[in-house]
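Visitor: Questions regarding the structure given below will be posed in turn.
Readers should treat all values here as calculations from the given coordinates under stated rules, not as data from a laboratory. Quick caveat, the model's predicted, so the values are computed rather than measured. When we count neighbours, we look across all protein chains shown, and the Cβ atoms used for this are built from the backbone with ideal geometry, even at glycine.
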Amino acid sequence: MKYKYINNPDGQLAGHDYVDLGLPSGNLWANCNIGASSPYETGDFFAWGETQPKSQYIASNYKFGVNYEPGEMYTFSKYVFDKESGVVDNKILLDDEDDAVRCHWGEFWSMPTIEDMMELLDGCEWIPVGPFNESEVAGFIGVSKKNLQEIFFPVLGEKYDSGCYWSASLATDMVSNEACRLDFSDWSTSLSSESRYWGVPIRAVANMTPKVRRGILMEVTEESTMERIMGPWKGEVPTWDRIGMRYYHLYHVPIKDFTASDIAFLIRQSAIIEYVMPVAIEILKVKPFIGVEFYEGDLLSNVLTSIDDIYNAADYWASHGAEKETVIKIFEENRERLKWYRLEKGLIPEFGSFCGAGAFGK
């Protein structure tokens with residue numbers, strides 16, 4: 001498709017051109033990729049969490065890879081939320097020291113989160129083009145729905161099936177071996193994930209409005225266990241029941257070692273709600289539709305439906321109006337993103353029940 005792209009950046013920040021697409025967050029997107037000098041250059045490639053390009057991108061030379069052996073379980077030394085992938089640290093956003101953009105362009109710029117990418121896709125109309133003006137590079141042009149400003153993303157060659165860009169977000173729907181990315185392929189735009197060690201280009205984002213970047217879901221320093229809080233285990237060890245065995249295991253694990261999946265599990269069991277619900281809320285502040293066990297948005301669903309629990313969770317919400325208001329605010333601020341995850345049919349009714357119960361009166 002022929003399209004006359006007008007390369008007209010809105011200004012510079014720390015020596016790098018940006019375009020202002022009128023996005024609600026105030027995000028300013030870089031006019032070209034890291035390592036490129038113009039919009040139609042691909043620039044440098046990076047493994048996720050590495051700050052320097054290299055000649056080969058394979059599992060065995062990945063910075064955070066541990067004990068890689070063909071056919072064996074690949075584990076990681078950092079950014080781990082499931083026990084099978086290494087020592088859990090619950091980091092789902094890159095630390096500044098591992099953000100290639102921060103390292104190359106300075107503190108005003110960073111790698112975009114998956115939420116930043118969602119906003120970008122939703123805020124523009126996307127047009128596949130090729131070649132790019134007088135160059136031999138194909139790509140996608142985004143035309144802002146707000147102010148008609150344009151941004152160009154090159155793909156790797158002259159076809160429209162091989163363009164992707166790293167986000168700063170770990171993929172949390174399965175295990176810790178993939179990170180989220182923006183895809184331009186098959187004549188369409190989408191969000192997906194890829195193995196962390198792959199070499200992928202990066203497009204930077206800046207925001208002059210202060211915003212919190214949380215690399216850790218929640219710093220849980222509580223040394224107590226459920227055993228210390230609730231007393232010694234009573235009765236038999238439930239070896240015949242998978243749920244019972246998981247509960248029994250967590251009964252003796254320090255709260256600070258709980259994973260996001262453990263938090264969701266204990267909310268469903270209405271256990272130590274005073275301890276786990278605040279952690280869940282902190283997680284949702286960072287990633288509202290995180291999938292910690294079964295599907296995207298399952299933690300938010302667990303939090304919303306807990307209000308109908310006749311045991312501890314209902315009592316918690318009845319006496320924690322401020323926390324309930326926080327959950328409502330998180331949902332309302334991200335309501336428009338439900339469609340990206342196709343969660344409207346499930347979460348909207350649950351949110352309605354949540355708003356009409358507990359501390360605000362049923």
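Visitor: Under 5 Å between amide hydrogens, which residues at least 5 positions from F46 or on another chain qualify, with H placed 1.01 Å from N in the peptide plane?
Guide: V200
Visitor: Moving to a separate point now. Which Rg and Dmax, in Å, describe the Cα atoms of region 226-360?
Guide: Using the Cα atoms of region 226-360, the pair Rg, Dmax is 15.3, 48 Å.
Visitor: Shifting gears a bit: By the scheme Lys and Arg +1, Asp and Glu -1, what is the net charge of all other residues having a beta-carbon under 9 Å from that of L299? Before the final figure, lay out the partial values.
Guide: Details: positive: K287; negative: E293, D298.
Charge balance in the 9 Å sphere: -1.
Visitor: Cut-off is 10 Å between beta-carbons; in what order do W166, W105 appear when sorted fewest neighbours first? Walk me through the numbers on the way to the answer.
Guide: Values: W166 29, W105 19.
Fewest to most other Cβ atoms nearby, the residues stand as W105, W166.
Visitor: Okay, moving on. Over all directions, how big on average is the projection of the convex hull of the alpha-carbon atoms in the chain, in square nanometres?
Guide: Working: hull surface 81.6 nm².
Projected area, direction-averaged: 20.4 nm².
Visitor: Net charge within 14 Å of G235 by Cβ-Cβ distance, Lys/Arg positive one each and Asp/Glu negative one each, not counting G235 itself?
Guide: Values: positive: K234; negative: E227, E236, D241.
Summing Lys/Arg as +1 and Asp/Glu as -1 gives -2.
Visitor: Moving to a separate point now. Considering only C124, M226, V237, whose Cα is most displaced toward the positive end of the charge dipole of the chain, charges sitting on Cβ of Lys, Arg (+1) and Asp, Glu (-1)?
Guide: Selected residue: C124.
Visitor: Ok, one more. Through the Karplus equation 6.51 cos²θ - 1.76 cosθ + 1.60, θ set to phi - 60°, convert the phi angles of region 331-344 into ³J(HN,Hα) values in whole Hz; use x for Gly and Pro.
Guide: Per residue, the Karplus-derived 3J(HN,Hα) values read 5, 4, 5, 10, 4, 5, 7, 3, 5, 5, 9, 6, 10, 4 Hz.
Visitor: So how strong a dipole does the chain carry about its Cα centre when Lys and Arg Cβ are +1 and Asp and Glu Cβ are -1, to the nearest 20 debye?
Guide: 400
Visitor: Quick check: residue separation of S38 and E125 times 0.36 nm, minus the Cα distance between them. What number comes out in nm? Can you show the working numbers first?
Guide: On the way: separation 87, 0.36 × 87 = 31.32 nm, distance 2.18 nm.
Length difference between fully extended and current span is 29.1 nm.
Visitor: How big is D for region 11-206, in µm² s⁻¹ as a whole number, if Stokes-Einstein is applied with the Kirkwood radius of its Cα pairs at 25 °C and 0.890 mPa s? Present the calculation step by step, with values, prior to reporting the outcome.
Guide: Numbers: Rh = 17.1 Å.
Answer from the Stokes-Einstein relation: 143 µm²/s.
Visitor: For q = 0.11, 0.28 Å⁻¹, what log10 I(q)/I(0) does region 268-342 give under the Debye formula with an equal point scatterer on each alpha carbon and no solvent?
Guide: Result of the Debye calculation: -0.26, -1.47.
Visitor: Now, a different point. What is the distance, in nm, between label points placed 7 Å from the Cα along the Cα-to-Cβ direction at E274 and at S192?
Guide: 4.8
Visitor: Could you tell me which of V155, T172, Q52 has its Cα farthest along the dipole of region 11-206 towards the positive end, charges placed at Cβ (Lys, Arg +1; Asp, Glu -1), taken about the Cα centre?
Guide: Going by the charge dipole, the pick is Q52.
Visitor: Now for a different question. With the crude spin-label approximation of a point 7 Å out along Cα→Cβ, what separation in nm comes out for F294 versus Y68?
Guide: Each label point lies 7 Å from its Cα, and together they span 3.5 nm.
Visitor: What spacing in nm lies between the two simple spin-label points modelled at E107 and D10, each 7 Å away from Cα in the Cβ direction?
Guide: 2.3
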